Structure formats: C-alpha cells, structure tokens
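The values are calculated or read from the model by the stated rules, or taken from the named source; none is laboratory data. Since the model is a prediction, treat every value here as computed from it, not as a measurement. Using ideal geometry, Cβ is built from the backbone for each residue, glycine included, and neighbour counts are taken over all protein chains shown.
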C-alpha cells in the first residue's frame, strides 16, 4: 500500500518558517541579555557569590569543599568570626559552577553563568508548560520570552548568590512532566517528573517544604486520576524518593542542615505568643498578594530586585485578571487548573514563616503560577475578537515599552544603585590589589576596609564573610587553604605591624559601634613610611586607600 504523503501548502511552510525564525530570534535576544557583561553587571561580587564559587573551585581541584569534606550534599557556610557553624549551602548552589570554574578559573563571569543558563532553560520549559494549558505555540514562545526577562527572576539570574534559578527549573519541569505523565499515561514522564521535583529540593532550602506542599496540592488536584491511574503516580513518587536518598542520608547524619538557617530567620525565633505568630504569618502571607509587591515596588533588597516597578511587569495586569477569571471557571472541572489555583494560594507559605517582609527569593516559586495565569488570560483575551483582542494588543504594545525601559534601567541606573548592595567598593579594591600584587609580597587588609562592607569586626582569618573574597580574588590554592587556611604571606589582617613588603588596603575612617548602638567613625591611622598609591570612593566621604608598605 502506498504511503499517504501530506504536502504542506506554501502558506503553511511560510508560517512554519516564520515561527522557527521568531523562536530562534527570541532565544538569541534573551541569551544576549542574560550573558552580556555578566561579570561586571551587577557590579562587585557579593560574599555569597565568592563563597559559592570558591567551594565549586575546591570541588573541581580536590573533590572536597573548603573544609576538606569530599563531595558533600550540603556545604558548610556562614561561619561566624569564632569559627562556629551557622548555616549550610545547598548542592545546586555549588556543583553547577564546578565545570565552569574548572575550565576558566576563579572568574566572576564563570561563577555567574550557570544561573543564567538555568533561567533560560526554565523559560524554555515554561513555554512548553504554557502550550500544555493553551495549545497556542505563538503564545507559548512569547510567554517563555517574557518569563526569561520577568523582574522576579532576571536580577537573580545574573548573580551567583542562591539556588533560585535551579529551583524554578526543577519546579517548572516537574510540573510539566507530571501533566504529561497523566495525560499520556507515560511512566517515562513520571520518572523524569520525580527527578525534577527532587532536583528542586536540592536547589534551595525553601524548595524542600514548597516541593512537598506542591506535590500534596498536585495529589489533591488529581485525586480522581490517581485512583484510576495509580501506577503512574506511584512511579513518580518512587522516582522522587529514590533521587532524594543522598539528601535523606545527609539529614539523618546532620539534622541541623534543615533547621539551622530557619532558626535564625523564622518568625518564631524570639519565642512569641501564638497570637503574635498568627498575626505575623497572616500579615506576611497577604503582603505577597499585594499590588505593592507584584506591580509597584517588589523586594526592597537591591540584590534581588532593581527597585524599578514590581516583581511582575505592569502590562500583565489585564491578562492576570482574565486568567483568574478563567481559573475560577475551570477549577472545578479540570485538575490542571485546580493545581494552578492551589499553587497560587500556597506559594508564599514558606516566605510567610520568615521574619523578612516581601522577600522575593523565598517565594520565587510563585513566579511560575502568576505568569502562567497571565498566559491563560492572554489566550482568553485573544479569543474575544472584539474588545478582548484590542485590550491584549494594547497591553502588549505597552509591554514592549515597559520591558525596554526596565532593561535600560537595569544596565544603567541599577548598576549605580546596587554597588553597595553587592560590596562593589571593597571587592573592586581587593581585586585591583591582588592583580597588581607581586607574588613575593603580602596584602595587608585593615579591619577598617571590611567595616564598610559588613559593619562588623572580623577575626584574623577574615571571618565571618570577608574571607570568601580573599580566597576568590586572591586565587588561593584550595589544597593550601584546606590544610592551613589563608597563607599569611599572601594576605593577612593588618594589626599595626608590617613584616614583609606589600600593599595595605584600608578605609579612610574606621567604623566603631559605641554603647548607644550607633555606628560612628574615627580616623584610621596611617602606617609610618606608607606611600599612597590610589583611592577609591565607598560612600559619602569614606574612601578606600591603597598604600605601598615596607
């Protein structure tokens, strides 16, 4: 029997070529925006970035973290200046950076690239998720592009601070694959979905409770389907739990990896009354649904938000209203919409249990639910040929302008506003010193230089935070540091004595914390015989000074 050959018309071929060209163009544009000047924008290098990058470098060179622990599931971090352990970093904050730092060395851009890649991958997966809900490929591609540039994610996708981007990728992939698993009755998709949900739990501390909560929401939403196709659900759960075996073993050995950080940031830390706890949690929970957070101001922390607009673009508002309308109409009959609705209701749960207000990182999972709701709303408006389609076109035209203005501000004004937030004055001065320092000389760092960065004293090992910058910019050999700490012939805390020639980095004044609990400044004494080489502004009248000392 002859095969039936389906020939596409010239119009269909043209539309197919146009779609592929547009998709490729948007992928190129978002890649350029994510990677352009990634080593210098944002300026500086936050202490978490240095710590994450150096631990990844240690793994690449020795197979162990900075403390000599081989291939840990959780990385020790945030030691105080007495050497006590105060926190832990998650696997996906460290391991994805390892191949880049192994190949290119301790470079800022190499440390930041993985987060940009995770965001781009998450946007591609999100486009497929939109298609699963709306069955419109043009809308899916446009939604994926918007998702890649959304303020909630874009700032954090260009830094190496936390596991936000792998968390978003894991949750988006787990969601999409779970939908495919039940729609197609596919055990392969179920297995991959379990892997993706587990990946999210390795990514960031908030990902662990939120993944469990979202899987519960998925089970509630698909309760009828689970009764009929229970094998698919069982395969997903077995895959998920199996991938979590190393994490479970690590928690069994060291339970504090799950509790230490939460104890320092939770609303329970000061042992309040139950009325106070309920009030705190309720107020924080509602804040994450406020226009102030979503559209007007967003997170006040400049390491997580530019300060321009909210966490979502304003042009998405009419689409969100239409999407919520569709959600209400379909939530009772379609399990995928029930899951979307439940996800919207629970997304700020983990963030509401912490002391900070409007912390975009701790509720970053919410961006998936909000932008998907907006995509559903856009699809609904497009189907309404009269006022709905006109409203959508107007919103999209406004969106082009809004996105352009946001990106212009990101690469210009935000780079100035965020300098102190990323410790740019200190890290730039430190980087310059190590770049010009002779290998036989020593860099002396005054405590006054660290003060403007962290506002606290450090010990002789530069802990609690400045030591990570010394390790990264000083390119300290991990084998040396794991054995004996920071080599004193390379960098040491200036304590009034100069033993070997080198450079001295100090601030023009020293911050002092008096009894009244207010920071004041006193002049920093100049070493005898020191020769001033350069100065760098910090803020106000304070500046960094680099001296040649003998």
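Residue under question is residue 103, and the condition is that it be surrounded by fewer than 11 Cβ atoms within 10 Å (Cβ to Cβ), modelled with pLDDT of 95 or more and part of a helix (DSSP H, G or I); does it hold? Yes: the conditions hold for residue 103.
Does segment 43-55 include one or more residues that are crowded, with 18+ Cβ neighbours inside 10 Å, assigned to a helix (DSSP H, G or I) and in the same structural domain as residue 169 (by TED's automatic domain parsing)?
Of all residues in segment 43-55, those crowded, with 18+ Cβ neighbours inside 10 Å come to 43-55.
The next check asks that each one be assigned to a helix (DSSP H, G or I); those that pass are 47-55.
Still in the running and in the same structural domain as residue 169 (by TED's automatic domain parsing): none.
Scanning segment 43-55, I find no residue that is crowded, with 18+ Cβ neighbours inside 10 Å, assigned to a helix (DSSP H, G or I) and in the same structural domain as residue 169 (by TED's automatic domain parsing), so the answer is no.
Annotation note: Cβ proximity below 7 Å between a residue of segment 9-28 that is in contact (Cβ under 8 Å) with a residue 60 or more places away in the chain and a residue that is exposed (fewer than 11 other Cβ atoms within 10 Å of the Cβ) and assigned to a helix (DSSP H, G or I) (sequence gap 6+ or interchain) occurs for no pair.
Among the residues that make up segment 457-477, is at least one of them assigned to a helix (DSSP H, G or I) and surrounded by fewer than 16 Cβ atoms within 10 Å (Cβ to Cβ)?
Within segment 457-477, not a single residue is assigned to a helix (DSSP H, G or I) and surrounded by fewer than 16 Cβ atoms within 10 Å (Cβ to Cβ).
What residue, of 220, 232, is surrounded by fewer than 21 Cβ atoms within 10 Å (Cβ to Cβ) and over 14 Å from the mean Cα position of the chain (by Cα)?
Details: 232 fails: surrounded by fewer than 21 Cβ atoms within 10 Å (Cβ to Cβ).
Unique residue meeting the criteria: 220.
If you go through segment 106-123 and keep only what is under 20 Å from residue 149 (Cβ atoms) and either crowded, with 18+ Cβ neighbours inside 10 Å or in contact with a strand residue (DSSP E or B) (Cβ under 6 Å, 6 or more places away or on another chain) (or both), you end up with 112, 113, 114, 115, 116, 117, 118, 119, 120, 122, 123.
Listed here are the helices (runs of 4 or more DSSP H) enclosed by segment 221-326 that have at least 3 residues being within 25 Å of residue 339 (Cβ to Cβ) and touching a helix residue (DSSP H, G or I) at 6+ places or on another chain (Cβ under 9 Å): 223-228, 230-243, 274-287.
Could you pull out every one of the helices (runs of 4 or more DSSP H) wholly within segment 331-409 that has 2 or more residues that are more than 30 Å from residue 270 (Cα to Cα) and touching a helix residue (DSSP H, G or I) at 6+ places or on another chain (Cβ under 9 Å)? Walk me through how you get there before you give the answer.
Numbers: elements: 335-346, 349-352, 366-383.
By residue number, 335-346, 366-383.
Just to be sure, is residue 537 part of a strand (DSSP E or B), surrounded by fewer than 18 Cβ atoms within 10 Å (Cβ to Cβ) and at pLDDT below 90?
Working: part of a strand (DSSP E or B): yes; surrounded by fewer than 18 Cβ atoms within 10 Å (Cβ to Cβ): yes; at pLDDT below 90: yes.
Taking the combined requirement at face value, the residue satisfies it.
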